[in-house]
Amino acid sequence: MTREERIAALKVMVRKRILIIDGAMGTEIQNRKLEEADYRGQRFADWERDVKGNNDLLVLTRPDIIGEIHESYLEAGADIIETNTFNAQVISMADYGMEELAYEINVEAARIARAAADTWTAKTPDRVRIVAGALGPTNRTASISPDVNNPGFRNVSFDELRSAYLAQARGLIEGGADVLLIETVFDTLNAKAAGMAVLDAFDEAGVELPLMISGTITDRSGRTLSGQTAEAFWYSMRHLRPFAVGLNCALGAEAMRPYIAEIAAVAETYVLAYPNAGLPNAMGEYDETPHDMSCQIEPWARDGLLNLVGGCCGSTPDHIAHIRDHVSKHPPRKPVELPVKMRLSGLEPFVHG
């Protein structure tokens, strides 16, 4: 099946039912209790820095584990699996001195996910499995100074972000991703740089893949780290004409609902959500059970808020299986049709007329 055929199938499936996104890659990696040697493999046995914690590197050193995790989420019922590339751009890879590996990691991560997805599509051809190339937020912010004594200082520029994301998008496209997902957006300016880079990559490759964008609300203030409300975030992103927009991470399902509802009320496109399995406890772990999480998410589906749903930090294949079972009985949300008005965004949305 070609990429064009998979994308066409995605556009049909999303109109028929709520699609299931996979759960947390990091949680599943942590559950395997890997050591420094696992991350290094033979290729990086003599690397001058510690690399444990560089989860994206595992697509080169332990592709078997990453493939197994993809398989476990597909078996649980995921329609869409994300590549293991959350930090696979030169900005974040600099922490390990591995900037030059960013492109290769994205290509290989997409290939591993592609192989797993294609295997499951072959098993059940009526359910085409989709690979989403994941572009995370980086570990820097273009809108906020990291120095409280120098508010005008920035440790990254828009052009640096755009360049880093461009290399990442190129690799994901080459490796076989069907969709690109800009996720865990805490700074809208970072996301704009990613969006521009994705469009650049499409032009270079002569393709146009569906684009999904997922922000993150940092706390119960209902705002991103750079200060925007959920509705304002959407107005900042809608010029990219994404296939889907929504939220992930930071909050559990119960706390995320009002902000997903805020986006669902104004988004002329599909809405996605993948919350954490509750909030982290004192040990940084997530206690929300698959049953509890799915019972909190089902009302979202019942009330017509969702088109795509999955899990973020703390979620496992068992969580995804429960979520699938709970939302499958409900029809997908229909994108809203709003009157034509000027819709602007700063920290707050502004609708003229």
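The values are calculated or read from the model by the stated rules, or taken from the named source; none is laboratory data. Predicted, not measured: the structure shown is a model, and the values here were computed from it. Every residue, glycine among them, receives a Cβ derived from its backbone with ideal geometry; neighbour counts consider all protein chains shown.
Observations on the structure shown:
- Lone qualifier among Ile29, Ile20, Ile7 - being at pLDDT 95 or above, closer than 19 Å to Ile112 by Cβ and aliphatic (A, V, I, L, M): Ile29
- For Ala169: the one exception among (1) over 18 Å from the mean Cα position of the chain (by Cα); (2) on the phi < 0 side of the Ramachandran plot: (1)
- Count of residues meeting criterion [over 14 Å from Asn190 (Cβ atoms) and in a helix (DSSP H, G or I)] in segment 91-100: 6
Each row is one residue, and each column tells you yes or no for (1) modelled with pLDDT of 95 or more; (2) surrounded by 14 or more Cβ atoms within 10 Å (Cβ to Cβ); (3) under 21 Å from the mean Cα position of the chain (by Cα); (4) among the hydroxyl-bearing types (Ser, Thr, Tyr).
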position	(1), (2), (3), (4)
Tyr96	yes, yes, no, yes
Glu99	yes, yes, no, no
Ile105	yes, yes, yes, no
Ile112	yes, yes, yes, no
Thr121	yes, yes, no, yes
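- Residue count for segment 146-165, restricted to those that are more than 19 Å from Val198 (Cα to Cα), within 28 Å of the chain's Cα centre (by Cα) and surrounded by fewer than 17 Cβ atoms within 10 Å (Cβ to Cβ): 2
- Tabulated pairs, segment 184-200, first of a type in the set (Lys, Arg), second assigned to a helix (DSSP H, G or I) and surrounded by fewer than 23 Cβ atoms within 10 Å (Cβ to Cβ), C-beta under 8 angstrom, 6+ apart or interchain: Lys192/Phe158
So that you can scan it fast, the table gives a plain yes or no per residue for (1) free of Cβ contacts under 8 Å to residues at least 60 places away in the same chain; (2) closer than 24 Å to Pro317 by Cα; (3) out of contact with any His (no Cβ under 8 Å at 6 or more places or on another chain):
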| residue | (1), (2), (3) |
| --- | --- |
| Leu58 | yes, yes, yes |
| Pro63 | yes, yes, yes |
| Glu75 | no, yes, yes |
| Ala78 | no, yes, yes |
| Thr85 | no, yes, yes |
| Met93 | yes, no, yes |
| Tyr96 | yes, no, yes |
| Tyr103 | no, no, yes |
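- Complete set of residues in segment 279-314 that are in a loop (DSSP other than H, G, I, E, B) and of a type in the set (A, V, I, L, M, F, W, C): Leu279, Ala282, Met283, Leu305, Leu306, Cys312, Cys313
- Boolean, Asp46 is touching a residue at least 40 places away in the same chain (Cβ under 8 Å) and either crowded, with 21+ Cβ neighbours inside 10 Å or of a type outside the set (S, T, N, Q) (or both): no
So that you can scan it fast, the table gives a plain yes or no per residue for (1) modelled with pLDDT of 95 or more; (2) assigned to a helix (DSSP H, G or I); (3) surrounded by fewer than 24 Cβ atoms within 10 Å (Cβ to Cβ):
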| residue | (1), (2), (3) |
| --- | --- |
| Gly227 | no, no, yes |
| His239 | yes, yes, yes |
| Glu254 | no, yes, yes |
| Arg257 | yes, yes, yes |
| Glu262 | yes, yes, yes |
| Leu272 | yes, no, no |
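- Some residue of segment 73-83 being assigned to a helix (DSSP H, G or I), out of contact with any Ser or Thr (no Cβ under 9 Å at 6 or more places or on another chain) and aliphatic (A, V, I, L, M): no
- Just so you know, in segment 202-222 the residues that are over 18 Å from the mean Cα position of the chain (by Cα) and surrounded by 16 or more Cβ atoms within 10 Å (Cβ to Cβ) include one that is farthest from Ile263 (Cα to Cα), and it is Phe202.
- Condition check for Gly171 on (1) in a helix (DSSP H, G or I); (2) over 21 Å from Asn54 (Cα atoms): one failure, at (2).
- Taking the numbered list (1) over 20 Å from Pro63 (Cα atoms); (2) in contact (Cβ under 8 Å) with a residue 12 or more places away in the chain in turn, Asp147 passes all entries but (2).
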